[in-house]
1. If you put +1 on each Lys and Arg Cβ and -1 on each Asp and Glu Cβ, how big is the dipole of the chain around its Cα centre, in Debye rounded to 20?
2. Tell me which label goes with the value of semi-axes √(5λ) of the Cα gyration tensor in Å computed from the coordinates here: (1) 30, 13, 12; (2) 43, 19, 13; (3) 23, 18, 14.
3. List the relative contact order of region 64-131 as a percent without decimals, with contacts defined as Cα pairs under 8 Å and 6+ residues apart.
4. Along the charge dipole of region 34-131, which of 67, 53, 109 sits closest to the positive end, that is, farthest toward it, with unit charges on the beta carbon of Lys, Arg, Asp and Glu (+1, +1, -1, -1)?
5. Excluding residues on the same chain fewer than 8 positions from residue 101, give the lysines whose Cα lies under 23 Å from its Cα.
6. Relative contact order, percent, of region 2-121 when contacts are C-alpha pairs under 8 Å separated by at least 6 residues?
7. Among DSSP beta bridges lying fully in the chain, give the percent that are antiparallel, nearest 5.
8. Mind pulling the angle between the C-alpha long axis of helix 90-102 and the longest principal axis of the chain? Nearest 10 degrees, somewhere in 0 to 90.
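Values in this text are rule-based calculations from the coordinates and carry no lab data. Quick caveat, the model's predicted, so the values are computed rather than measured. Cβ: placed from backbone, ideal geometry, glycine included. Neighbour counts: every protein chain shown.
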Amino acid sequence: MILIDTSVWIEFFKKKEPFFTELRELIESSEVLVHEVVFGELLQGCKSKSEENFILDYWENLNVITSDGSFIEAGRLSFSSKFLDKGIGLIDSVLISQVKKRKIKIWTLDKKILKILNKNEIYSLSGRNVT
């Protein structure tokens with residue numbers, strides 16, 4: 001399973017390649033995980049009710065991770081790993097924490113997250129990291 005970060009969703013919704021085709025294939029093969037904090041960020045950036053409905057349609061049809069204790073876990077990981085000193089905020093700490101806890105990969109364009117995680121925790125596109 002692959003946790004998709006906000007940055008990749010934005011590229012997907014803009015239909016930018018290679019993100020659009022790759023993520024569409026991952027969705028069709030049920031390999032995508034979404035965390036509610038990411039979709040919260042996407043909804044925050046909506047410009048219209050139709051955009052909101054469009055994003056919510058995806059939310060309702062994907063494999064979802066809810067916040068059930070994930071902010072506490074992330075805060076503890078952030079504290080012990082000194083993420084704030086590395087410019088990593090709480091939302092990114094949530095994603096990093098979930099990757100480690102669930103032993104999944106993340107697809108992100110966020111260079112700060114990419115620096116924190118091991119290569120085996122990062123989804124690569126065509127054998128290379130997309131940054």
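1. So the dipole magnitude of the chain works out to roughly 640 debye.
2. For semi-axes √(5λ) of the Cα gyration tensor in Å, the calculated option is (3).
3. On the way: 61 pairs, mean separation 17.1, N = 68.
Here the relative contact order equals 25 percent.
4. Positive-most Cα among the choices belongs to 109.
5. Those lysines meeting the cut-off are 82, 86, 111, 112, 115, 119.
6. Values: 124 pairs, mean separation 37.7, N = 120.
This gives 31 percent for region 2-121.
7. 10 percent
8. 90 degrees
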